[in-house]
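I have placed the structure first, in the form of structure tokens, so that the comments after it can refer back to it.
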């Protein structure tokens, strides 16, 4: 565990109802790294993210975010969860959604959601970063799946984070949206650390150099070592990987 690590875990174990989900996790993520968390469903990926954010507390071990307990540093992190429930009949706008990222900021306004000029300026900047400027007054329910994903990333960026955590950011979006999202993440990685959960190994291989492989235990691999044998070991079987940077007359090429 290094002093300058953005995220560090040492000897972390977590269980639900006595059933181990993660065991003896040791890892460190440095500043401006782009790292992907991969592994099978139920392997502990989302649990690991929640431990990093301090939404869960380990039974054993130590978690540090920017060298502090997560609850003291979580305002320096922006988070996009995998699943967002919303009522399509509820009249919430894009700006309303993005401003949720300012909740918890200092002062009474941050606690109660009384958004001031600085909050709205940060929200507009976040929408501009994801290519959604001019959409602030649109109903959130009227957007396409890809547009909603970008708005949710804007919500995570609205707190002006130093660490961006994304849980399955490419779910329910097409290949064109994925390509735009990859370009956006490359740009954001120039000034912040990115930690991303994804099953799409082809997508993340264009961004990250290191993969955190989670299946109850955690092993860190450079993406150059993500061979077929390594993938079978993580997932317990064959996994097909789509290469987004290579095309053939018959569609994507597969490894």
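The values are calculated or read from the model by the stated rules, or taken from the named source; none is laboratory data. It should be emphasised that the depicted structure is a prediction, and the values quoted were computed from it without experimental measurement. For neighbour counting, all protein chains shown are included, and Cβ atoms are generated from backbone atoms with ideal geometry for every residue, glycine included.
Looking across the range 184-209 at every residue that is modelled with pLDDT under 90 and outside any loop (DSSP other than H, G, I, E, B), the one that is surrounded by the fewest Cβ atoms within 10 Å (Cβ to Cβ) is identified as 184. Considering the conditions (1) assigned to a loop (DSSP other than H, G, I, E, B); (2) in contact with a helix residue (DSSP H, G or I) (Cβ under 7 Å, 6 or more places away or on another chain); (3) at pLDDT below 85, residue 240 is excluded by exactly one of them, (2).
For (1) at pLDDT 95 or above; (2) touching a helix residue (DSSP H, G or I) at 6+ places or on another chain (Cβ under 8 Å); (3) not in a strand (DSSP E or B), each residue gets a yes or a no:
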residue: 10; (1), (2), (3): yes, no, no
residue: 13; (1), (2), (3): yes, no, no
residue: 20; (1), (2), (3): no, no, no
residue: 41; (1), (2), (3): no, no, yes
residue: 52; (1), (2), (3): yes, yes, yes
residue: 91; (1), (2), (3): no, no, yes
residue: 100; (1), (2), (3): no, yes, yes
residue: 109; (1), (2), (3): no, yes, yes
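Of all residues in the range 66-89, exactly one satisfies the criterion of being surrounded by 14 or more Cβ atoms within 10 Å (Cβ to Cβ), out of contact with any helix residue (DSSP H, G or I) (no Cβ under 7 Å at 6 or more places or on another chain) and under 24 Å from residue 170 (Cβ atoms), namely 81.
Could you tell me which of the residues 50, 45 is without any contact (Cβ under 8 Å) to a residue 24 or more places away in the chain and either within 15 Å of the chain's Cα centre (by Cα) or surrounded by 22 or more Cβ atoms within 10 Å (Cβ to Cβ) (or both)? Only one candidate passes the filter, namely 50.
Note on the range 22-39: residues that are closer than 20 Å to residue 188 by Cβ, in contact with a helix residue (DSSP H, G or I) (Cβ under 9 Å, 6 or more places away or on another chain) and part of a loop (DSSP other than H, G, I, E, B) amount to 0. Restricting attention to the range 165-183, the residues that are assigned to a loop (DSSP other than H, G, I, E, B) and either closer than 16 Å to residue 79 by Cβ or without any contact (Cβ under 8 Å) to a residue 24 or more places away in the chain (or both) add up to 3. From the list 136, 146, 131, the one residue that fits, being part of a helix (DSSP H, G or I), touching a helix residue (DSSP H, G or I) at 6+ places or on another chain (Cβ under 7 Å) and more than 30 Å from residue 5 (Cα to Cα), is 146.
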